[in-house]
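Visitor: Could you have a look at this structure, given as structure tokens, before my questions?
The values are calculated or read from the model by the stated rules, or taken from the named source; none is laboratory data. Note that the coordinates shown come from a computational prediction; the quantities given were computed from them, not determined experimentally. Positions of Cβ are generated from backbone atoms using ideal geometry, with glycine treated the same way; all protein chains shown enter the neighbour counts. Just so you know, the surface numbers come from the protein's heavy atoms only, side chains and all, with ligands and any DNA or RNA stripped out. Shrake-Rupley method; radii C 1.70, N 1.55, O 1.52, S 1.80 Å.
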Amino acid sequence: MFEFYTPDFLPILPQVILIATALAILIEGAFTESAGPALIRRFCMGALLAILISALLSLIAFGLGKQVTTFNGMLVQDAYTLFCQMIVLIGSAAALAIGLPGLENQKLNRFEYPALILLATTGMMFMVAANDLISLFIGLELQGLALYVIVALQRDNLATSEAALKYFVLGALATGMYLYGASFVYGYTGSTNFDSINAVFRYGVEGPISLGSMIGLVFILASLAFKLSAVPFHMWTPDVYQGSPTAVTAFLAAAPKIAAAALTIRLLYLPFGFLVDYWQQIIIFISLASMVLGAFAALRQTDLKRLLAYSSISHMGYALLGIASGGAIGVQGALTYITLYMFMTVGTFAVILALRGRGERCVKDIEDLQGISQIHPKMSMMLAIFMFSLAGIPPMAGFFGKLYVFMAAIDAQLYTLAIVGVLSSVVAAFYYLRIIRTMYFETRPETVQATYGDTMVLTTEASFVLVLSVTVTLLFFVYPSLLLNMTQMAVNSLFN
């Protein structure tokens, strides 16, 4: 007979709210004969409200600053967990809000869409709260399975079906690698709990580390690199970004990347914290390869979503640069960077989704933005702000994000990695500035293409996301202490 204790469920109340809302949407949608646009929008607004309530509860708990371990040590709630959960929830809410206007013309006007968004978000929250390899696997799979279905929702589109199949097959491979690695770690440490694994390595650090433990760590890192879309497990990213509906791509580019980075930090610094000399070399290689490949591979891209896919690979390399520094300064820099990156990428996709052409299709290629500043000056200005920030040009938020991780790398004497990061950032500036040049310095074509952004569709929710993203990106330097103090509290709880 199962016994349920209220104290165990209070820390996961935000997840319970998300799951209950998702089940309510699925039940009502299944018993409704015709789920029209009005009903789908109501479902989406209900999902958005549930996410915002969960974010508010996480913020309140973050302010209390208490550490709570629940479910026999399987989950932990501390300042680090709550901060990462808040960022994941904000990213999910923003992606859902900016995608609302395009649900019908992108054939996502189905009641399963908001429910799957909620389930994927719940999985991410369990991922960052995991304190055990088993609970971590549950979170990974809940997120992964929901994302596979979301990508495949547009079933009559060949490109979407191909992207979904690639994503599923490679995701299954990553899952297999994680389980294989976790089995090695369990076999050589005798536990799946993060604290117990940490204790084994702490007391055995004077002697040689077993080969089996290292093999397990390598396989786990490989699976996490897939979630981060980091080199050499990045191959799915351009195809999935391009083939997925733009609203889905916006979600993939925001919340899952934040959750994966937060999870990587907790996994490396808690159970494997005493093996920093071993895993640091792996992270350095992944970071360096991601920054270089992402910068150079994007140079030849003409499709906006493929370009942003390679851009995301490069930016995850910058975040890993902070993680590779091996200390609290690097972790704080990485947390700050991924938070700012989330606002920049959500704002970019908000502009792309708002600009429409004939046939109500979103802009697709860079050339679709030719002369767009003449007809949509405000949207062009906002997109230019995001591009300058992604390029790391001061005084935008992206400059300070890169500055923090570069400073952490220099503090850890990773001079080569910092130099490569700066040079790859210079290379990447070319394709961001090319977008700005296309908007402001190229004339509109005489024959307007079907995807050309003549019209603009912008709802109240999307407008709020855009204003928030632009404000954070443009004015972060005015009051950076708000975010820096929060990341400092999160890092302190992680290292205490």
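Visitor: Please work out the ratio of the alpha-carbon Rg of segment 101-150 to 2.2 N^0.38 Å and round it to two decimals.
Guide: Values: Rg = 13.0 Å, N = 50, 2.2 N^0.38 = 9.7 Å.
Dividing the Cα radius of gyration by 2.2 N^0.38 Å gives 1.33.
Visitor: Rounded to whole Å and sorted largest first, what semi-axes of the equivalent ellipsoid does the C-alpha gyration tensor of segment 378-496 yield via the square root of 5 times each eigenvalue?
Guide: Values: eigenvalues 225, 88, 21 Å².
Each semi-axis is √(5λ); the values are 34, 21, 10 Å.
Visitor: While we're here: Straight-line reach only, C-alpha to C-alpha below 28 angstrom: list the lysines that K66 could link to, leaving out same-chain residues fewer than 8 apart.
Guide: K257
Visitor: At 1.4 Å probe size, put L482, L75, L288 in order of accessible surface, largest to smallest. Mind dumping the intermediate values first?
Guide: Working: L482 100, L75 15, L288 60 Å².
In descending accessible area the options line up as L482, L288, L75.
Visitor: Using +1 at the C-beta of Lys and Arg and -1 at the C-beta of Asp and Glu, which of L355, I138, L100 has the Cα lying farthest in the positive direction of the dipole of the chain?
Guide: L355
Visitor: Please list 3J(HN,Hα) in residue order for segment 156-161, calculated via the Karplus relation 6.51 cos²θ - 1.76 cosθ + 1.60 where θ = phi - 60°; whole Hz, with x for glycine and proline.
Guide: 8, 9, 5, 5, 5, 5
Visitor: Can you bin every Cα-Cα distance in segment 234-377 into 5 Å intervals starting at zero and give me the percent of pairs per bin, rounded to whole numbers?
Guide: With a bin width of 5 Å, the distribution comes to 2, 9, 17, 20, 17, 13, 9, 6, 3, 2, 1, 0.
Visitor: Another question, then. How would you classify segment 63-177 from its alpha-carbon gyration tensor, with a ≥ b ≥ c the square roots of the eigenvalues: rounded for a/c under 1.5, else prolate if a/b is greater than b/c, otherwise oblate? Provide the component values of the computation, followed by the final result.
Guide: Working: a/c = 3.29, a/b = 1.58, b/c = 2.08.
Oblate shape, in that a/c is at least 1.5 and b/c is the bigger or equal ratio.
Visitor: I'd like the Karplus ³J(HN,Hα) series for segment 264-272: coefficients 6.51, -1.76, 1.60, θ = phi - 60°, whole numbers in Hz, and an x wherever there's a Gly or Pro.
Guide: My calculation for segment 264-272 gives 4, 4, 4, 5, 6, 8, 9, x, 10 Hz in order.
Visitor: Here's another thing I want to ask about it. How much mean residue ellipticity at 222 nm does the chain get from its helices, if each DSSP H run of length 4 or more adds -39500 (n - 2.57) and you divide by all residues, to the nearest 500 deg cm²/dmol?
Guide: Details: 19 runs with 358 residues, N = 496.
Roughly -24500 deg cm²/dmol at 222 nm, from the helical runs in the chain.
Visitor: Enter the accessible area of F388 (Å², nearest 10), with the probe set to 1.4 Å and all protein chains included.
Guide: 70 Å²
Visitor: Same structure again: In a solvent-free Debye calculation with one equal scatterer on each Cα, what is log10 I(q)/I(0) for segment 152-267 at q = 0.17, 0.22 Å⁻¹, listed in the order of the q values?
Guide: The Debye formula, applied to the Cα set alone, gives -0.85, -1.18.
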